[in-house]
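Okay, structure first, notes after.
The values are calculated or read from the model by the stated rules, or taken from the named source; none is laboratory data. Since the model is a prediction, treat every value here as computed from it, not as a measurement. Glycine gets a Cβ as well: all are built from the backbone with ideal geometry, and neighbour counts include every protein chain shown. Accessible surface areas use protein heavy atoms only, side chains included; no ligands, DNA or RNA. Shrake-Rupley method; radii C 1.70, N 1.55, O 1.52, S 1.80 Å.
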Amino acid sequence: MAIYNRIPKKQEILPVYAVIVLMIYGWTILKFNYNVTGWLYFLNIGEIFGVFTYSMTVNLLESLLVLLGVIAAGVVLPKKWFGEWFVARGASLSMLVLGLMMYIADQFNTKQYYPSEIIRWSPAILVLIGFVVYFLGRIQRTRTAIEFFADRAIIFLYIAIPVSLISLVAVLIRNIF
Amino acid sequence: MSNFSRRDFLKVAGLASGAVAMSQMAPRFLSRKIDGAPNVIILVFDAMTARNLSLYGYKRETTPNFQKFAERANVYHNHHSGGNFTTPGTASLLTGTYPWTHRAFNIAGLIERERIDHNIFTAFGDQYHRLAFSQNLLPNYFFGQFAKDIETILPASSFSLIEQVTGEMFTKDSVAAYRSFDNFLFQDGSPPASLVFGLADRILLRSKEARINMNDYPRGLPRAGDHALFFQLKDVFDGVQATISELDANGPYLAYLHLWAPHTPYKPTKQFDKIFQDNYRPAKKPDHRFGTHIEYYKLNNRRQNYDEFIANVDAEFGRLIDTLEASGALDNSYVVVVSDHGESFERGVEEHVTKLLYETLTHIPLLISAPGQQARQDIYVPTNNVDILPTLLKLTGHPIPDWTEGKLLPGFGGVEDMERSQFTVEAKGNPAYAPLTQATVAMVKGSHKLIYYSGYEAEVSFELYDLENDYEELEDLYPSQPSFLKALKDELLEKMDSVNKKVPQTLICLKNYFHIPIKFVKRISSLFQGCRVPVLP
C-alpha cells in the first residue's frame with residue numbers, strides 16, 4: 001500500500017509523459033521527414049503510411065517504457081530526492097537522459113564506429129544528471145520553468161496518443177489478416 | 001485436474017503449438033509431387049562481375065571450381081544484368097523484364113504493384129515447391145510482394161552467426177516491416193530513427209560483434225551491408241546444401257538462393273587472405289566525369305580484396321557442388337549460377353553505386369547445367385538476365401508468358417541472334433512512376449555497346465564501344481561517328497520513347513494503397529483513380 005501511495009498522480013504523470021513523447025516522437029519524425037522525400041520516389045502513400053504506423057507504434061512503446069522508468073525512480077528514490085517535485089524532476093530527468101541518448105545515437109554514423117568513450121562514461125554522466133535533476137527541483141525558478149514547459153507539452157499528447165493507438169491497431173490488423 | 005502442474009501445462013502447450021505448426025507445413029510438402037519433373041536451383045552471387053573470374057579469362061586464378069563446374073554446363077560469355085545494383089538486377093531476373101517495365105530501379109524500390117503476378121514464382125505454379133532465400137534484404141522486398149506464390153521464404157538471417165533483422169519477424173507484412181525496422185528505425189550506418197530501441201539494438205549488435213571469435217577471418221566477419229547480419233561463408237554454403245537436400249526429398253522445386261558474397265565488404269577467411277599479392281596491374285582507365293575519383297592504387301587494393309573473396313566463394317561453391325553431386329541432388333536439377341550485377345574497380349569508381357554502365361558493372365557470369373549434362377557448351381552471343389525466366393519455364397514444361405521481355409537462351413532452344421539488342425538500365429535518381437528522364441541505358445547489339453546518359457547534364461550524351469576489339473572499353477567510338485552509329489542511336493532512342501509511353505499512371509494512386517480488404521476503403525479510394533502525388537525536388 002505504501003508503494004502504491006508513492007506512485008505519482010495522473011496530473012503529475014501527464015506533463016512528464018508529454019515531455020518524453022515530445023522528445024521520442026520528435027526524433028523519429030525528424031528522421032522520417034528526412035527519409036520521406038526519397039521514399040516518394042518509389043513508394044505510394046499507403047506504403048509510406050505503413051512505415052509511419054510502425055514508427056508511431058514503436059514510439060508509443062518506447063515512450064511508455066521511459067515513463068515507466070521515471071515513475072519507478074519516483075517510487076524507489078526517497079520522496080525528498082525525486083517525488084517531491086515530480087513534474088519538474090521527472091521532466092528534467094527525461095529531457096537530460098533522452099538528450100544523452102540522442103547524442104549517443106547521433107554518434108552511430110557508420111557501420112563500424114562505436115562511441116565507446118561516451119558509453120563508458122555514461123554511468124558517471126547519469127549520476128551527474130541525477131544531481132542536476134535534484135538541484136533543478138530545488139530552485140524555484142527552474143522548477144517553475146520546467147513545469148510550465150511540461151504543462152504546455154501536453155498538447156502533443158492529444159495528437160501523438162490517438163495517432164499511435166490508430167497505428168497500433170493498423171499494425172495489428174496488418175499482421176493478423 | 002488439480003494434479004495438472006505448471007510443467008504439464010508447458011508440455012501440452014509445446015505439443016499443441018508443434019502440432020499447429022506441422023499441420024500448416026505438411027500440406028505444402030505433400031500436395032505437389034510430380035514424378036520426373038526437373039528441379040531448378042538458381043544460385044545468385046551478389047555483385048559478382050564476370051570480368052574478375054578466371055572462368056572468363058581473368059588473369060588471377062579466382063575461380064577454379066567454377067571452371068570445373070563449367071565443364072558440365074552451358075557457359076554464357078556475353079551475359080548482362082538488367083541493372084547495376086541489386087534492386088533492378090534482381091527484379092529483372094525474377095520478372096524477366098527490364099527495369100523500365102518492372103520499375104524497381106530505386107534503392108530498396110519495389111516492383112510495380114500491378115505487375116507483381118508477373119514473376120518466376122507465380123509462373124512456375126503450385127506444382128512446384130517454391131523456395132526463396134536472400135541474405136541481401138533488397139530481394140526480400142520482392143519476396144514479400146510475391147509471397148502468395150512462394151511456399152517457403154527463408155529468413156535473410158538464416159545461416160548467420162549474428163543477426164538482428166527485425167522485419168523478418170513480421171511474416172504477414174514483411175515488406176512494410178523490413179522497410180520500417182531494418183531500413184529505417186534500426187538501420188545501421190546512420191543514427192537510428194528509433195531513439196530507445198534503435199540505440200539499444202545498435203549497442204547490442206556492436207557488443208555481439210565484439211565478442212565473436214574471428215580467428216578464421218583476419219579482416220573481420222563478412223557482413224550483409226547495412227543489415228544487422230554477420231555470417232561465415234562456410235555456414236551459408238552448408239545451409240544452402242542442407243536446404244537443397246531437404247527440398248530434394250519432396251518433389252520438384254524451384255529454389256532461388258541469393259547469397260551476399262562476394263559483395264562488399266570483401267572479407268575472406270585467412271586461407272584466402274592476401275593470396276593475390278602479385279604484380280598484376282589492370283589497364284589504367286581515365287576517371288569518368290560521373291565517377292567518384294578514387295585513386296588507381298586504392299582501387300587496385302580493393303580489387304585484390306575482392307578477388308580474394310571471390311576465390312573464397314569459389315572454394316565454398318566447389319564444396320557445395322561436390323556434396324550435391326555425391327548426394328544425387330543434381331541428377332534431376334537445372335543449376336543456374338548467375339549474379340545480379342557486377343562490380344567496378346576502374347575509372348575512379350569503386351563497387352557499384354554509380355551512374356555508369358561499363359562492362360565491369362553489367363557483364364556477369366551465367367552457367368546453366370542441365371540434368372545429366374556432361375559436356376561444356378560455350379555461347380558468345382549477347383544475353384541478359386531477363387532471358388532466364390522464359391528459358392527455365394520452357395525447360396520445365398511451363399508456357400512462356402507474353403509479358404516477359406526475355407528470349408530463350410541459346411543452347412536451351414533459343415537462337416543465336418547477334419542482331420538482338422539487350423539492355424541494362426540505371427535510374428536510381430528517377431521516380432519510379434515517371435518517364436525515364438534521369439537515367440543511363442546501355443544497349444548491347446552484336447559486338448557494339450552504346451551507352452546513353454540522360455538527365456545528368458544540360459544535354460544528353462553517348463559513348464560507343466566495340467566490345468570485340470576493345471574488351472576494356474578504352475576507345476570511345478562515338479566522337480568519330482561511325483556509319484552504323486545512327487542506326488544504333490535511333491533504335492535506343494526509339495526504345496526509350498516507347499517505354500516512356502508505357503509509364504504506369506496509377507502506381508501511386510490510393511486504390512493500390514491499402515492491404516486491408518475493407519470495402520469502403522476501396523470505394524473511397526476509387527475516387528482517386530488516376531491521381532498523382534507531387535514529388536519533392
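Restrict the check to region A:63-83 and report whether at least one residue is in a helix (DSSP H, G or I) and among the charged types (D, E, K, R).
no
Of the numbered conditions (1) under 28 Å from B:Lys234 (Cβ atoms); (2) part of a helix (DSSP H, G or I); (3) open to solvent by 20 Å² or more (accessible area, probe 1.4 Å); (4) not assigned by TED's automatic domain parsing to the domain that holds B:Pro390, B:Gly189 fails exactly one; give the number of that condition.
Checking B:Gly189 against (1) under 28 Å from B:Lys234 (Cβ atoms); (2) part of a helix (DSSP H, G or I); (3) open to solvent by 20 Å² or more (accessible area, probe 1.4 Å); (4) not assigned by TED's automatic domain parsing to the domain that holds B:Pro390, the one that fails is (2).
Just to be sure I understand, how many residues within region B:44-86 are touching a strand residue (DSSP E or B) at 6+ places or on another chain (Cβ under 7 Å), over 20 Å from B:Glu351 (Cα atoms) and assigned to a loop (DSSP other than H, G, I, E, B)?
Selection size over region B:44-86: 4.
Tell me, yes or no, whether region B:45-53 has at least one residue that is open to solvent by 10 Å² or more (accessible area, probe 1.4 Å), hydroxyl-bearing (Ser, Thr, Tyr) and either at negative phi or at pLDDT below 95 (or both).
No: region B:45-53 contains no residue that is open to solvent by 10 Å² or more (accessible area, probe 1.4 Å), hydroxyl-bearing (Ser, Thr, Tyr) and either at negative phi or at pLDDT below 95 (or both).
Do we find a residue being in a helix (DSSP H, G or I), open to solvent by less than 40 Å² (accessible area, probe 1.4 Å) and away from chain B (no Cβ under 14 Å) anywhere in region A:118-130?
Yes, there is a match, as at least one residue in region A:118-130 is in a helix (DSSP H, G or I), open to solvent by less than 40 Å² (accessible area, probe 1.4 Å) and away from chain B (no Cβ under 14 Å).
Taking the residues in region A:59-92 that are open to solvent by 10 Å² or more (accessible area, probe 1.4 Å) and at the interface with chain B (Cβ under 8 Å from one of its Cβ atoms) as candidates, determine which candidate is nearest to B:Tyr178 (Cα to Cα).
A:Leu61
Regarding B:Ala255, is this residue in contact with a Leu (Cβ under 7 Å, 6 or more places away or on another chain), touching a residue at least 24 places away in the same chain (Cβ under 8 Å) and open to solvent by 10 Å² or more (accessible area, probe 1.4 Å)?
Spelling it out, it is not the case that B:Ala255 is in contact with a Leu (Cβ under 7 Å, 6 or more places away or on another chain), touching a residue at least 24 places away in the same chain (Cβ under 8 Å) and open to solvent by 10 Å² or more (accessible area, probe 1.4 Å).
Just one of the numbered conditions (1) part of a helix (DSSP H, G or I); (2) more than 14 Å from chain B (Cβ to nearest Cβ); (3) surrounded by fewer than 20 Cβ atoms within 10 Å (Cβ to Cβ) is not true of A:Met102; which one?
Going through (1) part of a helix (DSSP H, G or I); (2) more than 14 Å from chain B (Cβ to nearest Cβ); (3) surrounded by fewer than 20 Cβ atoms within 10 Å (Cβ to Cβ) one by one, A:Met102 breaks only (2).
Can you find even one residue in region A:35-54 that is at the interface with chain B (Cβ under 9 Å from one of its Cβ atoms), in a helix (DSSP H, G or I), among the β-branched types (Val, Ile, Thr) and touching a residue at least 24 places away in the same chain (Cβ under 8 Å)?
Yes, the conditions are met somewhere in region A:35-54.
Is at least one residue of region B:87-100 part of a loop (DSSP other than H, G, I, E, B), in the same structural domain as B:Ala50 (by TED's automatic domain parsing) and over 14 Å from B:Thr404 (Cβ atoms)?
no
Can you pull out the residues in region B:325-353 that are over 17 Å from B:Arg303 (Cα atoms) and open to solvent by less than 10 Å² (accessible area, probe 1.4 Å)?
B:Ala329, B:Leu330, B:Ser333, B:Val335, B:Val336, B:Val337, B:Val338, B:Ser339, B:Asp340
What are the pairs with Cβ atoms under 6 angstrom where one residue, in region A:1-21, is of a type in the set (Lys, Arg) and the other, located anywhere, is open to solvent by 100 Å² or more (accessible area, probe 1.4 Å)? Sequence gap at least six, or different chains.
Going by the 6 Å Cβ cut-off, there are no qualifying pairs.
In this structure, is A:Ile24 open to solvent by less than 30 Å² (accessible area, probe 1.4 Å), within 9 Å of another protein chain (Cβ to nearest Cβ) and under 18 Å from the mean Cα position of the chain (by Cα)?
Judged against the criteria, A:Ile24 is a match.
Can you name every residue in region B:208-248 that is aliphatic (A, V, I, L, M) and either within 14 Å of another protein chain (Cβ to nearest Cβ) or more than 24 Å from the chain's Cα centre (by Cα) (or both)?
Once the filter is applied, which keeps residues that are aliphatic (A, V, I, L, M) and either within 14 Å of another protein chain (Cβ to nearest Cβ) or more than 24 Å from the chain's Cα centre (by Cα) (or both), region B:208-248 yields B:Ala210, B:Ile212, B:Met214, B:Leu221, B:Ala224, B:Ala228, B:Leu229.
What's the total number of residues in region B:404-433 that are away from every other protein chain (no Cβ under 14 Å) and closer than 17 Å to B:Lys495 by Cβ?
13
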